[in-house]
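The next block holds one structure in the form of structure tokens; read it before the comments.
The values are calculated or read from the model by the stated rules, or taken from the named source; none is laboratory data. Being a predicted model, the structure only gives us computed values, none of them experimental. Cβ placement follows ideal geometry from the backbone for every residue including glycine, while neighbour counts extend to all protein chains displayed. Protein only, heavy atoms only, side chains kept; ligands, DNA and RNA dropped before computing areas. Shrake-Rupley method; radii C 1.70, N 1.55, O 1.52, S 1.80 Å.
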Amino acid sequence: MFGQAVIGPPGCGKTTYCAGMEDLLTSLKRKPKIINLDPANDEFPYECAIDIRDLINVEDAMEEFELGPNGAIIYCIEFLEQNFDWLEEQLKEYNGKGYFIFDCPGQVELYTHYNSMKNIFQKLSKLDFRLAAIHLVDSYYCADPYKFISALLLSLSTMIRMELPHLNVLSKIDLIEKYGQLDFNLDYYTEVLDLDYLVDLLSKKATKQFTKLNKAICELVQDFSLVTFSTLNINDSESVTRLLKKVDKCNGYTFGLLDEKMSSVGASEYEDLQNIQEKYFNATDIENWKL
């Protein structure tokens with residue numbers, strides 16, 4: 001059984017992504033099933049196959065245990081882990097048929113500090129779910145070097161803790177220029193190229209002490225050589241299709257039940273980035289890029 005675990009910080013577009021991916025998968029006749037694992041999510045732009053709120057919701061946890069919103073969400077996920085048999089029974093109703101998308105909470109500490117989400121994914125793997133973690137990061141982080149470093153650290157930490165096949169995705173790529181002009185060309189951010197250029201840029205704004213810290217962080221990311229980003233405009237069918245091809249390789253779908261419709265779609269990564277730049281970036285800004 002193949003699927004995706006959609007994760008990422010609040011506001012990055014996880015639920016919108018699930019709805020857009022559902023449309024594409026439906027057109028490919030993969031019979032998508034979306035499972036909501038966010039106990040605070042009460043509005044769905046998609047048909048929800050299984051909803052954690054039928055087991056526990058954030059409002060009840062806040063009221064009963066006098067918790068804040070974040071604490072209540074963490075409690076709900078830990079409760080789901082302890083009562084995983086409920087989710088297992090819900091999934092059995094589909095008899096392994098379909099393509100499963102798990103819409104996960106946005107609290108980043110669930111993926112960087114706590115073990116419940118990781119344990120839930122591992123239990124799903126034991127049930128023969130072949131999941132890829134789709135980590136969405138808002139593309140506006142690229143417009144600010146400090147925010148981009150934070151995104152790199154968050155992505156790296158999440159990858160290490162979740163222990164799933166993993167894709168980092170810059171979402172809302174169509175809005176990227178509204179956040180400000182980029183300092184470098186797009187592939188610098190997607191391929192996470194030589195970060196010394198980023199350190200040099202930051203050194204013009206930061207003190208000597210923080211310049212050393214920024215350099216150490218960048219060296220850490222480069223030492224692992226794990227973080228790269230794909231791009232996504234969820235309102236562009238070509239963009240969603242390109243990403244699905246990568247997801248299929250990530251979770252192994254390509255090597256099993258490859259759709260003939262998908263096999264002929266797509267161009268090289270370089271051509272994809274060129275098309276994105278031509279579509280979403282101002283020509284003057286491209287000329288002013290440092291790389």
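Condition test on Arg130, is it in contact with a Pro (Cβ under 9 Å, 6 or more places away or on another chain) and open to solvent by 50 Å² or more (accessible area, probe 1.4 Å)? So Arg130 passes the test.
I need the full set of residues from the range 235-274 which are modelled with pLDDT of 75 or more, assigned to a helix (DSSP H, G or I) and either small (Gly, Ala, Ser) or more than 24 Å from Glu22 (Cα to Cα) (or both), in order please.
Within the range 235-274, Ser237, Ser239 meet the criteria.
For the range 217-234, taking the residues that are open to solvent by 50 Å² or more (accessible area, probe 1.4 Å) and of a type outside the set (Val, Ile, Thr), the one that is modelled with the lowest pLDDT is identified as Phe224.
Candidates in the range 163-206 are the residues that are open to solvent by 80 Å² or more (accessible area, probe 1.4 Å) and over 16 Å from Tyr141 (Cβ atoms); of these, the one that is nearest to the chain's Cα centre (by Cα) is Glu163.
Among the candidates Tyr17, Tyr46, Tyr99, Tyr75, which residue alone is of a type in the set (Ser, Thr, Tyr) and modelled with pLDDT under 95?
Result: Tyr46 is the single residue among Tyr17, Tyr46, Tyr99, Tyr75 that is of a type in the set (Ser, Thr, Tyr) and modelled with pLDDT under 95.
Restricting the first member to the range 70-81 and to residues that are of a type in the set (S, T, N, Q), and the second to residues that are in a helix (DSSP H, G or I), the beta-carbon pairs closer than 9 Å and six or more apart or on different chains are Asn70/Glu109.
Each row is one residue, and each column tells you yes or no for (1) without any contact (Cβ under 8 Å) to a residue 60 or more places away in the chain; (2) touching a Ser or Thr at 6+ places or on another chain (Cβ under 7 Å); (3) of a type in the set (Val, Ile, Thr).
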| position | (1), (2), (3) |
| --- | --- |
| Lys126 | yes, no, no |
| Phe129 | no, no, no |
| His135 | no, yes, no |
| Ala143 | yes, no, no |
| Lys147 | yes, no, no |
| Thr158 | no, yes, yes |
| Met162 | no, no, no |
| Pro165 | no, no, no |
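Scanning the range 71-109 for residues that are in a loop (DSSP other than H, G, I, E, B), more than 14 Å from Ile7 (Cα to Cα) and of a type outside the set (D, E, K, R) gives Asn83, Tyr94, Asn95, Gly96, Gly98. Selection within the range 1-12: residues that are open to solvent by 20 Å² or more (accessible area, probe 1.4 Å) and of a type outside the set (Gly, Ala, Ser). The member of this set that is nearest to the chain's Cα centre (by Cα) is Pro10.
I'd like the full set of residues that are assigned to a loop (DSSP other than H, G, I, E, B), open to solvent by less than 30 Å² (accessible area, probe 1.4 Å) and either among the hydrophobic types (A, V, I, L, M, F, W, C) or at positive phi (or both), limited to the range 13-59. Break it down stepwise before answering.
From the range 13-59, those assigned to a loop (DSSP other than H, G, I, E, B) are 13, 28-31, 37-47, 55-57; that's our starting set.
With open to solvent by less than 30 Å² (accessible area, probe 1.4 Å) added as a condition, the list becomes 13, 28, 30, 37-39, 41, 46, 56-57.
Gly13, Leu28, Leu37, Ile56, listed by residue number.
Tell me yes or no: at least one residue of the range 79-87 is open to solvent by 40 Å² or more (accessible area, probe 1.4 Å) and at pLDDT below 95. Looking through the range 79-87, none of the residues is open to solvent by 40 Å² or more (accessible area, probe 1.4 Å) and at pLDDT below 95. Considering only residues in the range 60-75 that are of a type in the set (Gly, Ala, Ser) and surrounded by fewer than 16 Cβ atoms within 10 Å (Cβ to Cβ), the one that is nearest to Ser116 (Cα to Cα) turns out to be Gly71. The sole residue among Asp183, Asp200, Asp194 that is part of a helix (DSSP H, G or I), over 30 Å from Asn95 (Cα atoms), modelled with pLDDT under 90 and not aliphatic (A, V, I, L, M) is Asp200.
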